[in-house]
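A short reminder: the numbers here are calculations on the coordinates, not readings from a lab. The shown structure was predicted, so the numbers you read here are calculated from the model rather than taken from an experiment. Note: ideal-geometry Cβ built from the backbone for every residue, glycine included; neighbour counts use all protein chains shown.
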Amino acid sequence: MYIDGQWTQGESGATFAVTNPATGEVIDRVPDGGAADAAAAIAAAEAAFADWSRTTAYQRSAYLYRAWQIMTERAEDLARTMSTEQGKPLKAARNEVKYGADFLLWYAEEAKRVYGETIPAPRGDQRFIVLKQAVGVVAAVTPWNYPISMITRKVGPALAAGCTVVLKPAEATPLCAVEMFKVFHDAGLPKGVVNLVTASDPKPIGEEFVSNPLVRKITFTGSTPVGKMLASRAAAQMKRVSLELGGHAPFIVFDDADAEHAAKGASLVKFLNTGQACISPNRFFVHRSKVDQFQDVFATRVARMKAGSGLEDGVQIGPLVNEAAVAKVEDQVNDAVAKGATAVTGGRRLTEGALAKGHFFAPTLLAGVTPEMKIYREETFGPVAPVIPFDDEAEVMAMANDTTYGLAAYVYTRDIGRAWRAMEALRFGIVGINDINPTAAAAPFGGMKESGLGREGGHEGIDEYLETKLAGFSV
Ligand code: ADP
């Protein structure tokens, strides 16, 4: 753990094992923190806040820029740590490190653009000015599926705004967090500005985050139930919250779309991170006239995909995070097949040879999925693409929006009017139009409905760490 500028074993000195999900091997051990460690980290962040929030935007920018440089120099090592600990193919890990580094560079720049305002006042002898100030100590909780970029997407804007941070990474991926905090340490950040608490049990840390009055902001990426719990507890002290939660993204292919292009895009985006992404397409609504073509192209591409350890050459399908994840995917697939769906390809666990030691599920295309099936409503978080045929635009918009989630949606059409109508009608925070990757550090990322609150990235991302203060002067 890293508290007040020191590497520490924590109060108890206990550790927990980190395993490789492709092989089941223990790769390292990290300190197993508890509430006392979280409290010490929060106290250090509070002590550092006064000086850090008074540094100039140029100074904070320089620290972030230095961290970006170091992260870029260490990109290959970071990517290998990620593949080993999290399982994603090395190429995908390299992409994530680059995406993660982009947040440090972007917020090094945005730090200098935290502008205020002057407002015409009602009295002649009065002046109004509005300024933006750091909210205070930020408690951040990050997930295992994007174990590096979810750290920089929070720490980058928080530091740029003048906040100090205590971060708890997911128990499955603490090593990525340790490597990132080495980057922050080597960038020379003053002690207490960033703090890391690793733990095998998130509950006591979460409890300290929501109950400690020094924490003024909670930023969380993870599942919807945990996000709701943290938000409701944070409300007791009116802490600010930002939440990036689950999704159930529709992927809509209209009759005027290039179905082959859509199927290629679908097969690429669906299996990124083995489907373990909150913006992963979960429901493929394909116009009835295009279903056969879409499924043929998709299945042909899936048949060529290789599963295995992320460090092996040519692997596109890494392991799922653990046995529970495989069991959930298997349950959704079995339920759908029992209710009449067909597994055109895949549909089972992968246990051949070395795969038996890891948590692998075959990339799967399910045809003929209907609303009665679990997979129609539940977030999947695995390598399964359910295809649901549709007949007209109004019907598919209603089906796409018929979910409590509202994070990402994808639309394939060549009709500009239809693209525009769909973009407006879809109640999702991110819409890809003939595009499978509508994300970047410079763009706002976040969900509507039960997919979350607030936005990360873009110029909006820094607002989440700023308070607005009004000063009225008599002159
Ligand atoms: P997933 O199901 O994707 O693992 P979680 O929401 O359980 O999603 O995990 C996301 C992050 O939330 C992880 O860092 C995890 O440790 C953390 N987390 C889970 N439960 C709690 C809790 N009660 N308090 C604080 N953090 C939690």
Practice task
Tell me, yes or no, whether region 111-126 has at least one residue that is under 23 Å from Gln59 (Cβ atoms) and among the hydrophobic types (A, V, I, L, M, F, W, C).
Solution key: yes
Problem - Selection from region 454-464 of residues that are more than 30 Å from Pro122 (Cα to Cα) and not in a strand (DSSP E or B) - result: Gly454, Arg455, Gly457, Gly458, His459, Gly461, Ile462
Exercise for the section: Report whether or not Arg80 is in a helix (DSSP H, G or I) and over 24 Å from Gly10 (Cβ atoms). Expected result: yes
Exercise for the section: Evaluate the following for Lys217: is it in contact (Cβ under 8 Å) with a residue 24 or more places away in the chain, more than 28 Å from Gly87 (Cα to Cα), in contact with a strand residue (DSSP E or B) (Cβ under 9 Å, 6 or more places away or on another chain) and within 16 Å of the ligand (Cβ to nearest atom)? Expected result: yes
Completion exercise
By residue number, the members of region 150-178 that are more than 10 Å from the ligand (Cβ to nearest atom) and either among the hydroxyl-bearing types (Ser, Thr, Tyr) or assigned to a loop (DSSP other than H, G, I, E, B) (or both) are Thr152, Gly162, Cys163, Thr164
Handout entry: Condition broken by Ser200, with the remaining ones in (1) under 14 Å from Val141 (Cα atoms); (2) in contact (Cβ under 8 Å) with a residue 40 or more places away in the chain; (3) not in a loop (DSSP other than H, G, I, E, B) satisfied
Key = (3)
Exercise for the section: Quick one: in region 202-214, of everything that is in contact with a helix residue (DSSP H, G or I) (Cβ under 7 Å, 6 or more places away or on another chain) and farther than 23 Å from Gly461 by Cα, which residue is farthest from the ligand (Cβ to nearest atom)? Expected result: Asn212
Exercise for the section: Inspect region 420-431 for any residue being surrounded by 20 or more Cβ atoms within 10 Å (Cβ to Cβ) and over 30 Å from Leu243 (Cβ atoms) and give the result as yes or no. Expected result: no
Practice task
Just name the residue that is nearest to the chain's Cα centre (by Cα) out of those in region 123-144 that are of a type in the set (S, T, N, Q) and surrounded by fewer than 20 Cβ atoms within 10 Å (Cβ to Cβ).
Solution key: Gln133
Practice task
Mind listing just one residue for me: the one in region 107-130 that is among the hydrophobic types (A, V, I, L, M, F, W, C) and out of contact with any Phe, Trp or Tyr (no Cβ under 9 Å at 6 or more places or on another chain) and, of those, nearest to the ligand (Cβ to nearest atom)?
Solution key: Val114
Exercise for the section: Using the structure shown, decide if Glu110 is touching a His at 6+ places or on another chain (Cβ under 8 Å) and not small (Gly, Ala, Ser). Expected result: yes
Fill in the blank from the handout: Quick count over region 220-256, residues being within 8 Å of the ligand (Cβ to nearest atom), assigned to a strand (DSSP E or B) and in contact with a Gly (Cβ under 8 Å, 6 or more places away or on another chain), is 1
